[in-house]
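Read-outs: derived from the displayed coordinates by stated rules, not from any lab. Nothing here was measured: the structure is a model prediction, and the numbers come from that model. Cβ atoms come from the backbone with ideal geometry, glycine included; neighbour counts cover every protein chain shown.
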Ligand SMILES: *Cc1c(COP(=O)(O)O)cnc(C)c1O
């Protein structure tokens, strides 16, 4: 019989080891995510346990419902007297339907035309005599009844698709890679940035599996677009999120290096990031990826076209695309600064083998089936309008348009620098101007909510708190009135100290303070409401 004291000693040893292990896990977690994220996760864990206590779960649910009701009131009001729940029995005359739609659209027109309500439309949609929109409508119309699934029937659609991809690859310095071999990068046409990112992450997951990595990890910065979180969720990839440099808001290369593990398959960088408009240090990350034999995805969704044309005019000095040998995939949106109507993006691969890993040939069905992307049947109309838009601009047209945008941005930046009480949060490279405040008593979220009251919609972000403007061509006419309103808001806050944020800015502010579990339920509620047909009873 072992002597009991020795046994106790052994247990004590084990306990020490467990504590040490737990402690090292916690430190690792904090180093990876930062202290704030760690405590949020901790709070969430505590909440989860609390929810199993009788009575608490109901109280939590009540809080969630209250928030969701607020969102519903805001989006749907008392409902729509003309809401349609089922297909009407009798078909309507097309003229009547057009009139119905026009009445609804006209009410929204005010937002477009004033330009104050930014909605991710990057080209100037003046609507009334806008030639680009008219031309896009013509291209859409001509190809309204086509299907890219049938290249034999619609060879022109196949041509549009392949050529848009090729033109984007050329823009990204993806031609004649590897010098002598002269091999070109390849790509796929997708429905948007999110699908482009999904496909790239799927390819990396497959690559990891080929290498025997069953628990693949991708290293990214907290500033990445949420599309990456979706991709990681769908494909079972773990994101290792590192903090941004607090001064530059760029991905921290040293932190990226120390986050690399045996499970790492790729690094993910942004050009630029969507909260701050900052291009990550992609030259250094490219060197790191090459050194470690990892993939490197550049999310150029927002910067696509814009950054390439800035670089070509010497207004952006760093390299960020296939010019860098470590860059293995790039996503680039044609429907942002390529000025096409929504529904078009490209994902490009340095190596054709990597692209092939993203395909899913289905051979054991009753028929053989393969499509290039996540979608099955796709209309050719969206491709036709994008192809037409690129041809309409040409290199010269984009050069001019991008230069114009850049000047608009510089104007806003200068105005913010000259406004006491606010400052640019960091040195943004393009697309976005993040604004912070150091003045005692000025809460940037209150500034955002007062601007909202004056008809502007502003983005806000946290850690550090800022509000951002994301630029489109419309901003050219709006600078003066925006700056006047900004200064007006600042004066209002100084006159009324202690003001709290209201409206959307307040909702965001409050939401971000909620534990992730509750917040997740409220966000799910938002989608439920977005999909709701609410008939107004009269
Ligand atoms: C817009 C954007 C995406 C996602 O693109 P969608 O076209 O909205 O799907 C991804 N990354 C960045 C940086 C973006 O700005």
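Just a few scattered comments:
- Value in Å of the Kirkwood radius, where region 381-441 supplies the Cα pairs that are averaged: 14.0
- The modelled label-to-label distance for the pair residue 399/residue 234, using points 7 Å beyond Cα in the direction of Cβ, is 3.8 nm.
- The Rg/Rh ratio for the chain is 0.99, where Rg is the radius of gyration of the alpha carbons and Rh is the Kirkwood radius.
- Förster radius 22 Å - calculated FRET efficiency between residue 427 and residue 484, Cβ distance, rounded to 0.05: 0.30
- Neighbour-count ranking [beta-carbon atoms within 10 angstrom, fewest first] of 398, 359: 359, 398
- Burial ranking of peptide ranges 73-84, 454-465 (average Cβ count within 10 Å, highest at the top): 454-465, 73-84
- The distance linking region 411-482 with region 233-293 is 26 Å (Cα centroid to Cα centroid, whole angstrom).
- Measuring nothing but how far apart in sequence close Cα pairs (under 8 Å, 6+ apart) lie, relative to its length, the chain scores a relative contact order of 19 percent.
- Segment residue 495-residue 156, extension gain: residue separation times 0.36 nm, minus the distance between their alpha carbons: 115.8 nm
- Cα convex hull of region 339-429 - mean projected area over all directions, nm²: 10.2
- Counting only DSSP H runs of at least 4 residues, each contributing -39500 (n - 2.57), and dividing by the residue count of the chain, the helix-based mean residue ellipticity at 222 nm comes to -16500 deg cm²/dmol.
- Each of the peptides 321-331, 140-150 was scored by the mean count of other Cβ atoms within 10 Å over its residues; in descending order, highest first, they stand as 321-331, 140-150.
- Between residue 375 and residue 536, the contour length at 0.36 nm per residue exceeds the alpha carbon distance by 54.4 nm.
- With each label modelled as a point 7 angstrom along the Cα→C-beta vector, the residue 170-residue 15 pair spans 7.2 nm.
- Summary of packing: across the peptides 494-501, 473-480, the per-residue average of other C-beta atoms within 10 Å ranks them, highest first, as 473-480, 494-501.
- Each of residue 517 and residue 247 was given a label point 7 Å from its Cα along the Cα-to-Cβ line. The distance between the two points is 4.1 nm.
- Cβ-Cβ FRET estimate between residue 213 and residue 418, R0 fixed at 51 Å, reported to 0.05: 0.45
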